[in-house]
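A.B. asks: My questions will all concern the structure given below.
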Amino acid sequence: MKILVAGATGLVGSALIPALESDASEITRLVRSSPKANEIEWHPNRGQIDAARLEGFDAIINLAGESIAEGRWTDEKKRKIHDSRVNGTHLLSEAIAKSASRPRVFLCASATGFYGDRDNEILDETSESGGGFLADVCREWEDATEPATKAGVRVVNLRFGPILAREGGMLGKMLTPFKMGMGGKVGSGKQYISWVAIDDVVGAIKLALADERIHGPLNVVSPNPVTNEAFTRTLGEVLSRPTVMSIPAFAARLAFGEMANEMLLVSQRVVPKKLNEAGYQFQYPELESALRHYLAD
């Protein structure tokens with residue numbers, strides 16, 4: 001396949017592109033700097049892209065977006081989080097819709113933040129959106145793909161859960177305190193985390209590229225979400241470290257502000273209904289095996 005990828009240098013893109021290239025796919029990257037070979041320049045926040053250069057691709061994958069886990073959520077940070085996702089997606093979607101030679105499929109990142117804080121409610125792709133900043137962003141993010149959908153392109157909104165990887169992702173933030181024996185649950189610890197292994201993120205994307213039955217929202221999460229308390233305990237066991245330094249909810253809010261409510265204290269018990277129905281076989285369906293794999297020396 002000839003595939004165009006935006007956000008190629010992020011956590012998902014860095015794992016996905018080598019996997020696609022190993023399958024003999026030809027990858028072109030969208031970049032915001034002077035383009036090199038197999039690159040196309042774009043500037044999503046200025047609405048600039050050479051739409052003619054988007055023709056002839058079998059698939060377009062949009063993974064671009066400002067990190068939500070870096071720095072406090074000031075008004076400027078929240079604007080960047082929103083605009084980097086919604087503006088870029090809308091620009092690509094409009095360009096795809098106007099193209100004379102459209103891709104067969106447009107995959108666009110989204111997140112389980114779509115569901116908001118839902119306690120222990122089991123959430124699948126048919127569940128309604130929740131409230132909060134991230135839920136609002138995710139709704140607009142997914143709505144921005146509508147021009148491509150209306151033009152007849154198969155669109156898949158990849159609702160990623162927190163991703164486990166050897167480097168980066170949620171583990172990158174947690175390892176230092178946990179290795180120092182200072183890890184612990186956050187708040188009550190009863191909030192659900194719908195984690196997913198990076199290998200299964202790549203596997204789910206490859207399935208979404210190939211399986212024409214998949215369209216619309218796709219929950220990219222493991223089949224076994226766990227509570228924050230269970231995640232904490234399992235990570236401590238894998239690292240052979242104590243996990244008694246719990247962080248009260250008020251302390252998390254003092255330290256991280258609005259981000260604490262939306263990322264640390266939020267509960268989302270999301271299941272991969274569509275992936276299961278499509279027969280996807282998870283490489284790491286259980287948390288302990290995933291942690292042992294990614295944290296192996």
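Table: residues versus (1) closer than 20 Å to SER99 by Cα; (2) without any contact (Cβ under 8 Å) to a residue 24 or more places away in the chain.
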residue	(1), (2)
ALA8	no, no
VAL12	no, no
GLU21	no, yes
THR28	yes, no
LYS36	no, yes
ALA51	yes, no
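A.B. asks: Taking the stated definitions as given, is ILE49 more than 20 Å from the chain's Cα centre (by Cα) and either among the β-branched types (Val, Ile, Thr) or more than 24 Å from ILE3 (Cβ to Cβ) (or both)?
C.D. replies: Against the criterion (more than 20 Å from the chain's Cα centre (by Cα) and either among the β-branched types (Val, Ile, Thr) or more than 24 Å from ILE3 (Cβ to Cβ) (or both)), ILE49 qualifies.
A.B. asks: Condition (residue is more than 25 Å from MET170 (Cβ to Cβ) and not aliphatic (A, V, I, L, M)) applied to the stretch 111-123: is it met by at least one residue?
C.D. replies: No, every residue in the stretch 111-123 fails to be more than 25 Å from MET170 (Cβ to Cβ) and not aliphatic (A, V, I, L, M).
A.B. asks: Also, quick follow-up: Among residues belonging to the stretch 23-38 that are at pLDDT 95 or above and not β-branched (Val, Ile, Thr), point out the one that is farthest from ILE81 (Cα to Cα).
C.D. replies: Here the answer is GLU26.
A.B. asks: Could you run through the stretch 265-297 and say how many residues are of a type in the set (A, V, I, L, M) and open to solvent by 60 Å² or more (accessible area, probe 1.4 Å)?
C.D. replies: 0
A.B. asks: Still on this structure, please answer the following. Within the group GLU146, GLU167, GLU140, which residue is in contact with a Leu (Cβ under 9 Å, 6 or more places away or on another chain) and either open to solvent by 40 Å² or more (accessible area, probe 1.4 Å) or at positive phi (or both)?
C.D. replies: Every option except GLU167 fails the conditions.
A.B. asks: Answer with yes or no whether MET174 is at pLDDT below 95 and more than 30 Å from GLU76 (Cβ to Cβ).
C.D. replies: Spelling it out, it is not the case that MET174 is at pLDDT below 95 and more than 30 Å from GLU76 (Cβ to Cβ).
A.B. asks: Still on this structure: Look through the stretch 206-249, keep the residues that are among the hydroxyl-bearing types (Ser, Thr, Tyr) and out of contact with any Pro (no Cβ under 8 Å at 6 or more places or on another chain), and return whichever of them is least open to solvent (accessible area, probe 1.4 Å).
C.D. replies: Among those residues, the one meeting the criterion is THR232.
A.B. asks: Any residue in the stretch 125-137 that's free of Cβ contacts under 8 Å to residues at least 60 places away in the same chain: show its pairings with residues that are surrounded by 18 or more Cβ atoms within 10 Å (Cβ to Cβ) and small (Gly, Ala, Ser) at Cβ separation under 8 Å, as long as the two are six or more apart or on different chains.
C.D. replies: Note: pairs meeting the criteria are SER129/GLY116; SER129/ALA135; GLY130/GLY116; GLY131/GLY116; ALA135/GLY113; ALA135/GLY116; VAL137/GLY113.
A.B. asks: Test GLY189 against the stated conditions and say whether it is in a loop (DSSP other than H, G, I, E, B) and within 19 Å of GLU262 (Cβ to Cβ).
C.D. replies: The answer is yes for GLY189.
A.B. asks: Checking SER194 against (1) among the hydroxyl-bearing types (Ser, Thr, Tyr); (2) surrounded by fewer than 21 Cβ atoms within 10 Å (Cβ to Cβ); (3) within 19 Å of the chain's Cα centre (by Cα): exactly one of these is not met. Which one?
C.D. replies: (2)
The values are calculated or read from the model by the stated rules, or taken from the named source; none is laboratory data. Just so we're clear, the structure is a prediction, and the values are computed from it rather than from any experiment. Heads up, the Cβs are rebuilt from the backbone with ideal geometry, glycines too, and the neighbour counts pull from every protein chain shown. Ligands, DNA and RNA are excluded from the accessible area calculation, which covers all protein heavy atoms including side chains. Shrake-Rupley method; radii C 1.70, N 1.55, O 1.52, S 1.80 Å.
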